[in-house]
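In what follows, a structure is listed as C-alpha cells, so that the remarks can point back to it.
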Amino acid sequence: AQSVTQLDSQVPVFEEAPVELRCNYSSSVSVYLFWYVQYPNQGLQLLLKYLSGSTLVKGINGFEAEFNKSQTSFHLRKPSVHISDTAEYFCAVSEPGGSYIPTFGRGTSLIVHP
Amino acid sequence: NAGVTQTPKFRVLKTGQSMTLLCAQDMNHEYMYWYRQDPGMGLRLIHYSVGEGTTAKGEVPDGYNVSRLKKQNFLLGLESAAPSQTSVYFCASSYSDSGDTQYFGPGTRLTVL
C-alpha cells in the first residue's frame, strides 16, 4: 500500500516570500499525485494534480508542483505567497488502474505572516 | 449546482446517543467517501461506497455504519457515540477513476461529551 509523507507539519513564511511544501510517497510504480488545499473552516479543494505528461504541473492561485519519479517526490511551490494562502495543504497519491481510494498525507499548515 | 453538501454543520451529543450525518452530491458521482479529520492525524477514511447499494470499510470503521440507498446520498451513522468520535467529518465524492478529483463537502463538527 502507498504511503505519503509530508515532511513539515508547519511552514511559517512572510508575505511575498517563496515557499516549498514537501511531499514524498512510498512506491516507485506509476502513480497519480494530488495537492489539495483546505482554507480555515472549509472542506478540501483541488489545487493541482499529476496524471501523466509534463512533470511540472501548474495549478490554481499561482501554485505549481514538480513530479520527480527518481526521488518519489511531488513538492509544491509558489514564488510569492499572499496572506490569503494561509491554509492546510494535503498531498495525496493513488495508483492508475488500482484502488480508487487515494492515500493522504497528514497535511502541512502554511502560515503566511505580514 | 451545489456540489457536495453535508447536514448538519455542527452537533453536540452526549455519550451513548445516536445520530446520522447526511451527505448529498448532485454531480452524478459513483464513488462517495466519509473521512474524519483530527489534529495532527490528517484525513482518515471511515467508509466508502463505489455505487448505489454498496459500502465498504476504510481505515477507521469501528463505531460507524453507512448506507447508500440512493446514488446521490451517503449516510454516516453513529449508533452509540463516544468521546473518541469527537472530530470533524468530511464527505467527498468522485467519478470512477483513481485519477479523478475528489470533491469535498464543508464538513460537520461533532462534539461528544
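The values are calculated or read from the model by the stated rules, or taken from the named source; none is laboratory data. For clarity, every value in this text was computed on a predicted model and none was experimentally measured. Reconstructed Cβ throughout: ideal geometry from the backbone, glycine too, with neighbour counts over all protein chains shown.
Of all residues in the stretch B:61-77, none are within 19 Å of A:GLY105 (Cβ to Cβ) and within 14 Å of chain A (Cβ to nearest Cβ).
Screening A:VAL57, A:VAL31, A:VAL81 for residues that are within 30 Å of B:ARG109 (Cα to Cα) and out of contact with any helix residue (DSSP H, G or I) (no Cβ under 6 Å at 6 or more places or on another chain) leaves exactly one candidate, A:VAL81.
Within the stretch B:36-56, the set of residues being facing chain A (nearest Cβ under 8 Å) and at negative phi comprises B:MET41, B:LEU43, B:LEU45, B:TYR48, B:VAL50. If you go through the stretch A:21-57 and keep only what is within 24 Å of A:SER84 (Cα to Cα) and surrounded by fewer than 14 Cβ atoms within 10 Å (Cβ to Cβ), you end up with A:TYR39, A:PRO40, A:ASN41, A:LEU56.
Applying the criterion of at least 2 residues that are in contact (Cβ under 8 Å) with a residue 40 or more places away in the chain to the strands (runs of 3 or more DSSP E) found wholly in the stretch A:10-114 leaves A:10-14, A:19-21, A:32-38, A:44-50, A:73-78, A:87-94, A:108-113. One residue stands out among those in the stretch B:79-113 that are assigned to a strand (DSSP E or B) and more than 17 Å from B:ASP38 (Cα to Cα): the one that is farthest from the other protein chains (Cβ to nearest Cβ), which is B:SER93.
Yes/no per residue for (1) within 14 Å of chain B (Cβ to nearest Cβ); (2) at pLDDT 95 or above:
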| site | (1), (2) |
| --- | --- |
| A:GLN71 | no, no |
| A:ALA87 | yes, yes |
| A:CYS91 | yes, yes |
| A:GLY98 | yes, no |
| A:PRO102 | yes, no |
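Do you know which residues across the stretch A:10-32 are within 11 Å of chain B (Cβ to nearest Cβ) and modelled with pLDDT under 95? Of everything in the stretch A:10-32, those that are within 11 Å of chain B (Cβ to nearest Cβ) and modelled with pLDDT under 95 turn out to be A:SER30, A:VAL31, A:TYR32.
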